[in-house]
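Read-outs: derived from the displayed coordinates by stated rules, not from any lab. Keep in mind that what you see is a predicted model, and the values were worked out from it rather than measured. Cβ: placed from backbone, ideal geometry, glycine included. Neighbour counts: every protein chain shown.
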Ligand code: F3S
């Protein structure tokens, strides 16, 4: 599974950081991004559920997931 955050859509609500802190971080501007470790590669299977929950609960629907 690949995951991305659209910085144009993210409102900085931070729900993703609570749900999957291993995968998302806040930039200095206060918006979410995928940590470098998973920016260009598949998210490990053990974190996929958390990423799906984060995408589901992001208030602005800024998180996109796609099959790896
Ligand atoms: Fe942004 Fe959504 Fe996370 S608004 S901070 S991607 S919960």
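Among 30, 12, 45, determine the one that fluctuates most according to a GNM of the chain built with springs between C-alpha atoms less than 10 Å apart.
In this elastic network of the chain, the residue with the biggest mean-square fluctuation among 30, 12, 45 is 45.
In a Gaussian network model over the chain where Cα atoms closer than 10 Å are linked, find which of 32, 15, 55 has the largest mean-square fluctuation.
15
Between residue 49 and residue 25, what FRET efficiency comes out of the Förster formula 1/(1 + (r/R0)^6) with R0 = 25 Å and r the beta carbon distance, rounded to 0.05? Could you put the intermediate results ahead of the total?
Values: r = 19 Å, r/R0 = 0.77.
E(calc), rounded to 0.05, equals 0.85.
For the chain, what is the mean residue ellipticity at 222 nm derived from helices alone (per DSSP H run of n ≥ 4: -39500 (n - 2.57); sum divided by total residues; nearest 500 deg cm²/dmol)?
Details: 3 runs with 22 residues, N = 68.
The helix-only estimate for the chain comes to -8500 deg cm²/dmol at 222 nm.
Quick one: plug the Kirkwood hydrodynamic radius of segment 2-66 (C-alpha pairs) into Stokes-Einstein at 37 °C, 0.692 mPa s, and report D in µm²/s. Walk me through the numbers on the way to the answer.
Working: Rh = 11.3 Å.
It diffuses with D of about 290 µm²/s by this estimate.
Could you give the angle, 0 to 90 degrees to the nearest 10, between helix 45-57's Cα long axis and the longest principal axis of the Cα atoms of the chain?
Helix 45-57 and the main axis of the chain meet at about 30 degrees.
Taking the beta-carbon count within 10 Å as an exposure proxy, list 28, 40 from fewest neighbours to most.
Details: 28 5, 40 8.
The most exposed by this proxy come first: 28, 40.
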